Amino acid sequence: MVTTAMATRQPQRPVGELLREWRDRRRISQLDLSISAEISTRHLSFVETGRSRPSREMVLRLGEHLDVPLRDRNHLLLAAGYAPVYAESGLADPEMAVVRRAVRQLLTGHEPYPAAVVDRGWNLVEANAGLALLTKNVAPELLASPSNVLRATLHPDGMAPHIVNLGEWRSHLLGRLRRQVLQTADPVLTELLDELRGYPCDQPVPEVEVPGPGDIVIPLRLRDGDSELAFFSTVATFGTPLDITVAELMIESFYPADEATAAYLREPLTSR
């Protein structure tokens with residue numbers, strides 16, 4: 001069921017203006033969009049200028065071709081005078097049981113390596129036991145729900161003092177968040193990006209991620225006691241989501257980037 005907050009939201013901007021903004025953000029011309037969406041350039045121009053009201057199907061088609069997030073497609077529908085079509089379910093809802101099982105299977109199957117699930121705002125949704133290795137030195141207040149994983153990573157009371165290549169990893173994370181802001185124009189993410197940029201860093205932060213000799217991924221190098229651990233990560237999403245909550249989930253899985261880290265993680269917790 002569509003949430004009440006979503007259903008009662010009253011957009012102030014017309015749908016044509018919003019569509020034009022998304023098209024500009026994607027750097028797609030009217031001609032290119034009209035060809036891919038199979039509508040006339042004239043009709044698209046009339047929609048964007050407010051001279052023509054798009055049908056419900058037209059709004060959904062344009063949202064699809066502009067790769068607009070599901071949450072924002074609902075906003076487009078509301079702006080055009082139509083009801084939202086994409087639900088935003090809670091993870092605890094009965095219909096989400098299959099999603100919860102899939103997430104839990106992925107997380108537990110990845111142990112002893114760390115893995116976590118975050119939402120659109122990078123708030124921690126769920127994690128496996130392996131994540132404790134990364135967060136063991138993070139201040140409790142940064143782990144209190146809702147814990148933001150980017151804040152917990154880059155905050156001076158978080159993982160930051162224990163990240164050997166903090167400047168490099170900071171550049172990587174801020175780059176990911178910056179691209180997400182450009183793709184979504186989410187004001188919450190924009191505020192988060194501004195906050196993270198203000199955190200101190202005693203290492204050079206590269207403007208561009210340039211690989212060094214032999215590098216194929218950017219590793220997270222973490223100091224754990226006398227050991228230095230190295231990880232690389234992958235991000236997974238659900239392939240065909242029709243629910244806002246499902247569409248916005250990201251599963252980040254960390255893997256050992258060298259044999260020493262792999263051997264360390266295979267050791268029993270009591271011997272580390």
message = Could you check region 132-146 and list, in sequence order, the residues that are touching a strand residue (DSSP E or B) at 6+ places or on another chain (Cβ under 9 Å) and either β-branched (Val, Ile, Thr) or buried (at least 21 other Cβ atoms within 10 Å of the Cβ) (or both)?
response = Leu134, Thr135
task = Please go through region 89-136 and pick out each residue that is among the hydroxyl-bearing types (Ser, Thr, Tyr) and in contact (Cβ under 8 Å) with a residue 24 or more places away in the chain.
result = Ser89, Tyr113, Thr135
message = Just checking: which of the helices (runs of 4 or more DSSP H) contained wholly in region 154-254 hold 1 or more residues that are aromatic (Phe, Trp, Tyr)?
response = 166-184
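For (1) under 15 Å from Ser233 (Cβ atoms); (2) under 21 Å from the mean Cα position of the chain (by Cα), each residue gets a yes or a no:
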| position | (1), (2) |
| --- | --- |
| Tyr86 | no, yes |
| Ser89 | no, yes |
| Ala102 | no, yes |
| Gly109 | no, no |
| Val117 | yes, yes |
| Val138 | no, no |
| Glu141 | no, no |
| Ala160 | no, yes |
key: Any hit, region 101-122, residues being of a type in the set (Lys, Arg), in the same structural domain as Asp224 (by TED's automatic domain parsing) and not in a loop (DSSP other than H, G, I, E, B)   = yes
message = Any residue in region 69-88 that is under 18 Å from Glu17 (Cα atoms) sitting within a Cβ distance under 7 Å of a residue that is part of a helix (DSSP H, G or I) and basic (Lys, Arg)? List the pairs, counting only those 6 or more apart or interchain.
response = Leu77/Arg56; Tyr82/Arg56
query = What are the residue pairs meeting all of these: first residue in region 22-46, first residue more than 21 Å from Asp72 (Cα to Cα) and not assigned by TED's automatic domain parsing to the domain that holds Gln183, second residue of a type in the set (A, V, I, L, M, F, W, C) and in a helix (DSSP H, G or I), Cβ atoms under 6 Å, and 6 or more apart or on different chains?
reply = Thr41/Leu31
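The values are calculated or read from the model by the stated rules, or taken from the named source; none is laboratory data. Every value quoted in this text rests on a predicted model; they were computed, and no experiment measured them. Neighbour counts are summed over all protein chains in view; Cβ atoms, including those assigned to glycine, are modelled from backbone coordinates with ideal geometry.
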